[in-house]
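Visitor: Can you read through this structure? Questions will come right after.
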Amino acid sequence: MATVLETREHGSTNRVDTLALPKTFAPQFVEDKRSVYWENNLAKKWPCSEPTTFAGSQRVQDLANPKQLIEKYKRDPDKLSSMSVVSEGAKNAEPSARTAQLAQPKAMHRDYEIAKYPQWQVSKGAQTATASDRLEQLAQPKTAPDLKIAEDTEWEWSEWKSTISAAAKNAEASERVIVLAQPKEVPSYYQHAKSPFSVVSPEAKTAVASERLHKLAMPKMRTSPYEDDPNTYKVSGGALKAVASTRVSELAAPIARKQRAKKT
């Protein structure tokens, strides 16, 4: 602070020194009073030993009063129920034609179907029906033929004598059957699935980087750290004076459906 005051005395116009000066109070500034809940008799300028009291305005007093009961309840204090009494005229009233029409229940749609019961109801006709001959025939269980087992053998099929004829055993397939029996060939352009593990070739393992590659791999050198260099992101004069083309201005405009006029 001494340096700032000295600078001020010497008539310095530095902006930093000006901002470093403390803020001064306004001429009409009044310091906050002490709380009324404290024992602050010593701070008062007038002779008074009683604590400070407050008096509400007429509006505050009106709002503080409890809500008054309705005159109807004052005359009949026993009537505390919210149920209203229906008059004799309302009991004997006849509804108008419009009221009777509105009171009619809504008719169901002609296509509405009532939910069926989960228990299926069998009709009397179905209970006394007689099955036809064809139905009796279809209802018969299927009979399986007896298992063919060779004589003097066990259950193992490998012990049975072959029933294939000698002509079938010595038959030769035709050329057409041999062609159809050939497996399907893989096309020449078919590519098998590659392995998820990439194999590095020996040439790549023993490769030597060129001088150009070494040059591109070197990090960019700066004379000073970029965060301390104010001209690191300096915009050129040509970029500052550039004029956007008609197409660029058209693309930069907001969408018409998202525009709205400002409220006045």
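Quick note: the coordinates plus some simple rules give every number you see, no bench work behind them. Quick caveat, the model's predicted, so the values are computed rather than measured. Every residue, glycine as well, gets a Cβ built from its backbone with ideal geometry; the counts of neighbours run over all protein chains shown.
Visitor: Treat each spin label as a single point 7 Å out from the Cα along the C-beta direction, and report the V122 to Q191 distance in nm.
Guide: 6.9 nm
Visitor: Round to the nearest 0.05 the FRET efficiency obtained for E31 and Q68 when R0 = 51 Å and r is the Cβ-Cβ distance. Please report the intermediate quantities before stating the final value.
Guide: On the way: r = 46 Å, r/R0 = 0.90.
Given R0 = 51 Å and the Cβ-Cβ separation, E is 0.65.
Visitor: At 0.36 nm per residue, and after removing the present C-alpha to C-alpha distance, how many nm does the segment from R257 to A239 gain when stretched out fully? The partial results should precede the final answer.
Guide: Numbers: separation 18, 0.36 × 18 = 6.48 nm, distance 3.18 nm.
Extra length available between R257 and A239 comes to 3.3 nm.
Visitor: Between Q140 and R15, what length in nm is gained on full extension when 0.36 nm per residue of separation is reduced by their alpha carbon distance? Show your work: numbers first, answer last.
Guide: Details: separation 125, 0.36 × 125 = 45.00 nm, distance 11.29 nm.
33.7 nm is the gain from fully extending Q140 to R15.
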